[in-house]
Each structure stands twice: as structure tokens, then as C-alpha cells.
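Student: Here it is, the structure in full.
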Amino acid sequence: MARLIISADGPEKFAVWKEAFAKAAPDLTVCSWYAPETHLLPSDYVLVWKPEADHYAALAQAKAILCTGAGVDHLLQHPHFPVHVPLVRMGGEQTAHLMADYVTWAAIGLLRDARTWAIQQNQHQWVYNGIARTSAEIRIGVMGLGHLGAHVATHLARVGFQVAGWKRSAASVPNVQVYVGQEALPEFLATTDILVNLLPSTPQTRGLVTYDFLKNLPRGAGFINVGRGEHVVQADLVQALDTGLLCGAVLDVVTPEPLPEQSPLWGHPRVTVTPHVASEASAYKQAEYVAQAIGQLERGETPALLCNPHTGY
Ligand code: OXD
């Protein structure tokens with residue numbers, strides 16, 4: 001019977017994980033990384049989020065590592081991450097659905113300028129500022145059409161937006177116009193009213209979103225970041241918002257996290273910040289997903305979200 005050692009979220013969260021796994025996968029033996037009696041064996045699986053620096057040497061002994069994050073850039077960037085150990089990213093129906101719901105909420109908020117309504121409510125102002133523009137008139141572009149990106153794009157098309165996606169390699173997503181490769185990027189951006197970033201964080205994508213990059217969008221476009229804060233040059237984003245290049249931004253990820261008290265993003269009238277919550281599935285759903293991936297690995301199958309350490313996703 002497989003054994004899973006849990007380090008994710010520290011010793012405080014172990015009771016929650018234990019209960020979730022007891023319900024979702026009663027056959028799996030679950031131990032806390034932090035229990036003094038736990039010694040990792042080569043047949044063990046490990047569930048991590050952001051391991052502490054002194055965990056990496058032991059992780060090299062694991063049979064496979066499962067991450068509670070959909071993005072694993074923080075692991076791959078660590079100099080001691082054991083790239084020879086199979087690494088599985090978080091996925092599953094609820095994770096994807098939460099992300100699709102979040103992006104839909106953010107897109108409709110940008111479309112109707114909900115940020116202004118929130119400010120007015122704060123100031124007890126009853127000002128009529130309805131915007132007569134529907135989702136059907138808005139072109140949304142999703143950068144990154146991997147597991148989550150494809151799900152989000154399909155969902156947005158179902159809601160009624162005109163949806164395009166941009167990807168490094170060819171892909172086909174129902175009801176989504178796909179732009180492929182670097183040469184297609186300017187055309188993709190030029191026809192995007194709301195840009196959604198769902199790219200993986202890699203050396204090629206970090207720092208991609210600069211003022212000059214955003215200048216390719218139609219003036220007054222919206223921006224939603226659910227990828228990583230590192231994709232964006234934050235000062236450039238603020239400049240784009242201040243000069244009206246962008247009409248607004250919804251940011252679930254920033255650099256650093258948590259956002260420092262003095263950041264201009266907190267109080268910016270065109271910015272909505274959420275605390276990296278877009279797609280965190282319940283412990284039960286994550287446990288179900290992890291148990292399924294372990295089952296596949298035990299049978300010698302390849303989980304769909306097995307990370308390729310060379311591409312970083
Ligand atoms: C992530 C996540 O990887 O929230 O950022 O899953």
C-alpha cells in the first residue's frame with residue numbers, strides 16, 4: 001500500500017489533510033513530514049507546497065513529489081530541487097472550474113468597471129455609470145493554453161465572450177482562436193480587449209509583461225493576472241494604468257506575496273487585488289486528485305500533469 005508524507009502548508013495543516021485523505025483515499029497511508037517518527041523511504045510519495053530549504057535533500061529520496069500548486073516554478077528554481085524525481089502539478093476538475101469562475105468574475109468586473117462601483121460604495125456615492133457593453137462584444141485573449149488555460153478559454157467562450165488564446169506550440173481548443181508562437185503574438189495582442197495571463201513561469205516568460213508589451217493591446221484594454229507576479233514588470237503595469245493604456249487590472253498574483261503594505265497597487269483606483277486565491281481547491285478535492293495521481297504512478301501510468309523539468313510545466 002502506498003504511503004504519502006505531507007509537508008504542504010506546515011505541521012499546522014496536517015490534521016486537515018489527514019481528514020481529507022481519510023475521506024477521499026482511505027487506502028492511502030498518510031504521515032506528517034514533521035512527525036519525529038517519519039523517515040522517508042524510497043517508496044514514499046511526498047505532498048509539498050513550498051518546502052523549507054532543508055527539505056530538499058530528503059526529497060531526492062522520494063518516489064514522486066506532488067505539489068499542491070498548479071505552478072511548480074518555485075520548486076524548479078530551487079538549486080537543490082531533485083529534477084530526477086517525478087513531479088506532478090495540481091489539477092482536477094474543481095481547480096480548473098475555480099480558475100474559470102475567477103477569470104469570468106474578473107473579466108465581467110473589468111467589462112462593467114466594477115472597481116469604480118466598489119470605490120463609490122466606499123464613499124457612499126450614488127453615481128450612475130452603467131456601461132452598455134456586453135461580453136459578446138469583448139475579445140478576451142488567454143496567454144497560456146495548458147490544462148488551466150484551455151479550460152478557462154472554453155468556459156469564457158461558453159459565457160459568450162469572443163475568445164482567443166496564445167500558445168508556444170500548436171493546439172486546438174473548441175470555440176477558441178489559437179495563435180501560435182512568438183510571431184503571432186503582436187496580432188494576438190492587437191485583437192485582445194481583455195488579456196488573461198495564465199502562462200507558466202519560465203525564464204522565457206518572466207518579465208514578459210512590460211509597458212512596451214502592453215502597448216500592443218488596443219488602448220483601454222483590461223488585464224487579468226492569474227499566472228505569476230514575476231511575469232509582470234510592476235512599475236510598467238502601474239504606468240500603463242496611470243496613462244490609460246489599460247482601463248484596469250485584476251491581480252491574483254503579485255511580486256512579492258503578500259503584497260507589501262506600501263505597494264501602490266493596494267489603493268490604485270484601477271486595480272483589484274486578491275490574495276492568490278483564484279483556484280485553490282478544497283483539501284478533499286486536492287486529496288482525491290493526489291490519490292488518483294499516486295494510483296496512476298503505482299500502475300506505471302503517466303499522470304496528465306507530470307511536469308517536464310526542461311519546459312518547467
Ligand atoms: C499556483 C496555485 O500554483 O495557486 O499558484 O495553484
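Student: Evaluate the range 97-120: report whether one residue or more is surrounded by fewer than 16 Cβ atoms within 10 Å (Cβ to Cβ), away from the ligand (no atom under 16 Å from the Cβ) and of a type in the set (S, T, N, Q).
Tutor: yes
Student: Got a sec? Which strands (runs of 3 or more DSSP E) wholly within the range 1-93 have at least 3 residues that are surrounded by fewer than 21 Cβ atoms within 10 Å (Cβ to Cβ) and more than 16 Å from the ligand (Cβ to nearest atom)?
Tutor: In the range 1-93, the matching strands (runs of 3 or more DSSP E) lie at 29-32.
Student: Here's a follow-up. Of all residues in the range 269-282, how many are part of a loop (DSSP other than H, G, I, E, B) and touching a Lys or Arg at 6+ places or on another chain (Cβ under 9 Å)?
Tutor: Of the residues in that region, 2 qualify.
Student: Return yes or no: is residue 162 modelled with pLDDT of 95 or more and more than 19 Å from the chain's Cα centre (by Cα)? If you could, list the steps in order and put the result at the bottom.
Tutor: Working: modelled with pLDDT of 95 or more: yes; more than 19 Å from the chain's Cα centre (by Cα): yes.
So residue 162 fits the description; yes.
Student: Something else: Does at least one position in the range 247-262 carry a residue that is in contact (Cβ under 8 Å) with a residue 24 or more places away in the chain, within 14 Å of the ligand (Cβ to nearest atom) and among the polar types (S, T, N, Q)?
Tutor: Yes: the range 247-262 contains one or more residues that are in contact (Cβ under 8 Å) with a residue 24 or more places away in the chain, within 14 Å of the ligand (Cβ to nearest atom) and among the polar types (S, T, N, Q).
Student: Being within 16 Å of the ligand (Cβ to nearest atom) and among the small types (Gly, Ala, Ser), is that true of even one residue in the range 176-185? Even if it seems obvious, please write down each step before you answer.
Tutor: We begin by selecting, within the range 176-185, every residue within 16 Å of the ligand (Cβ to nearest atom); these are none.
Within the range 176-185, none of the residues are within 16 Å of the ligand (Cβ to nearest atom) and among the small types (Gly, Ala, Ser).
Student: Please note which strands (runs of 3 or more DSSP E) are completely contained in the range 119-229 and include at least 1 residues that are among the small types (Gly, Ala, Ser).
Tutor: 139-143, 162-167, 221-225
Student: Follow-up question, since we're still on this one. Just to be sure before I move on: is residue 201 farther than 30 Å from residue 136 by Cβ, within 16 Å of the ligand (Cβ to nearest atom) and among the hydroxyl-bearing types (Ser, Thr, Tyr) in the structure I sent? Don't jump to the end; show me each part of the working.
Tutor: Working: farther than 30 Å from residue 136 by Cβ: yes; within 16 Å of the ligand (Cβ to nearest atom): yes; among the hydroxyl-bearing types (Ser, Thr, Tyr): yes.
So residue 201 fits the description; yes.
Student: Do we find that residue 129 is modelled with pLDDT under 95 and out of contact with any strand residue (DSSP E or B) (no Cβ under 7 Å at 6 or more places or on another chain) in this structure?
Tutor: Yes, satisfied.
Student: Of the conditions (1) in contact with a His (Cβ under 8 Å, 6 or more places away or on another chain); (2) part of a helix (DSSP H, G or I), residue 239 satisfies every one except a single condition; which number is it?
Tutor: The one condition residue 239 does not meet is (1).
Student: For residues that are under 30 Å from residue 97 (Cβ atoms) and not charged (D, E, K, R), tally how many sit in the range 239-262.
Tutor: The total comes to 13.
Student: Can you find, within the range 276-289, the residue that is farthest from the chain's Cα centre (by Cα) among those that are near the ligand (Cβ under 10 Å from one of its atoms) and among the hydrophobic types (A, V, I, L, M, F, W, C)? Spell out the reasoning first.
Tutor: To start, the set of residues in the range 276-289 that are near the ligand (Cβ under 10 Å from one of its atoms) comprises 276-281, 286.
With the extra rule that they be among the hydrophobic types (A, V, I, L, M, F, W, C), the set shrinks to 277-278, 281.
Values: 277: 9, 278: 7, 281: 12 Å.
The selected residue is 281.
Student: Taking into account only those residues within the range 193-230 that are out of contact with any Leu (no Cβ under 6 Å at 6 or more places or on another chain) and among the hydroxyl-bearing types (Ser, Thr, Tyr), which is surrounded by the most Cβ atoms within 10 Å (Cβ to Cβ)?
Tutor: 201
Student: Only one of these conditions is not met by residue 273: (1) of a type outside the set (Lys, Arg); (2) crowded, with 23+ Cβ neighbours inside 10 Å; (3) within 16 Å of the ligand (Cβ to nearest atom); (4) free of Cβ contacts under 8 Å to residues at least 60 places away in the same chain. Which number is it?
Tutor: Going through (1) of a type outside the set (Lys, Arg); (2) crowded, with 23+ Cβ neighbours inside 10 Å; (3) within 16 Å of the ligand (Cβ to nearest atom); (4) free of Cβ contacts under 8 Å to residues at least 60 places away in the same chain one by one, residue 273 breaks only (2).
Student: While we're on this one: Of the numbered conditions (1) over 20 Å from the mean Cα position of the chain (by Cα); (2) crowded, with 19+ Cβ neighbours inside 10 Å; (3) of a type in the set (Asp, Glu), residue 242 satisfies every one except a single condition; which is it?
Tutor: (2)
The values are calculated or read from the model by the stated rules, or taken from the named source; none is laboratory data. None of the values given here were measured: they were computed from a predicted structure. As a convention, Cβ positions derive from the backbone with ideal geometry for all residues, glycine included, and neighbour counts pool all protein chains shown.
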